[in-house]
Amino acid sequence: MRVLDVMTTSVVTVHPGDGLKAAARAMIEAGVSGLPVVDADGKLVGIITEADFLKAEADRGIGRYRRLLDALFGDQEAREIGETVADAMTAFPIVIDAAATVAEAARQMSEHGVKRLPVVDADGHLRGIVSRADIVAAFVRPDEVIEDAIRQDVIRRILMIDDHDISVSVEEGIVQMAGILPTKSDARLLTELTTRLEGVVRVEHDGLTWKLDDTVNTEVPRH
């Protein structure tokens with residue numbers, strides 16, 4: 001499964017020159033604890049989180065810390081905070097590509113102790129964001145639902161192959177497949193498309209074979 005399959009593409013963003021209070025309000029309204037910071041061209045330049053807000057204000061003293069809390073929780077009498085997002089954001093955040101696996105995203109979050117990863121393209125433009133919640137949700141899909149998706153959606157509808165000669169079993173998101181497919185390309189497509197399904201942890205396909213000139217080739221398909 002790829003980051004592309006689980007990431008959120010409709011992302012609320014802020015700009016470096018936006019005021020901290022405006023950013024805090026945007027965060028509350030979106031119901032998130034962090035916002036990507038982009039420039040005028042949509043390129044990612046940083047990320048600002050609740051932790052960044054609190055650290056910035058704690059460094060300035062208890063009075064300013066009180067004002068931050070007022071801003072975060074919508075106190076109508078709170079005075080405007082003059083500093084900008086650029087003053088508090090984390091520049092050069094850890095990012096990930098949409099084609100990366102969900103397992104890689106989870107590893108990056110664990111290694112760097114972050115709750116979310118901005119998803120960017122090769123030019124640094126923001127494409128989405130993937131959070132811990134997105135990853136957790138991806139792995140709670142029931143095994144029987146995953147198996148049905150493999151048989152109905154991948155094997156029958158996309159590959160248009162009779163699934164009677166193909167064995168598919170799923171346990172804790174781990175897919176095991178065996179059987180004979182018409183071509184090597186079918187075997188590769190089946191493996192790749194199954195890997196991308198929501199809830200699939202990994203695919204074990206050593207038992208897959210395919211026909212070539214009426215002869216069964218036992219080479220394991222690679223992808």
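Direction-averaged projected area, Cα convex hull, the stretch 106-155: 5.1 nm², rounded to one decimal. Annotation note: GluC sites (Glu not before Pro) in the stretch 77-150 located in DSSP loop regions with a Cβ neighbour count of at most 11 within 10 Å are GLU77, GLU80.
Roughly how many Å is it from the Cα centre of the stretch 98-131 to that of the stretch 1-42, as a whole number? If we compute the Cα centre of each part, the gap is 14 Å. Test of the criteria: in the stretch 151-212, which GluC sites (Glu not before Pro) are in a DSSP loop and have at most 11 other Cβ atoms within 10 angstrom of their Cβ? Sites meeting the loop and neighbour criteria: GLU172.
The alpha carbons of the stretch 143-217 occupy a box of 36, 23, 19 Å along the principal axes, longest dimension given first. For the stretch 100-202, the fraction of C-alpha pairs more than 18 angstrom apart is 54%.
The numbers here are math on the coordinates, done by the rules we state, and not lab data. On a predicted model such as this, the values are computed, not experimentally measured, just so you know. Don't worry about glycine lacking a Cβ; one is built from the backbone with ideal geometry, like all the others, and counts go over all protein chains shown.
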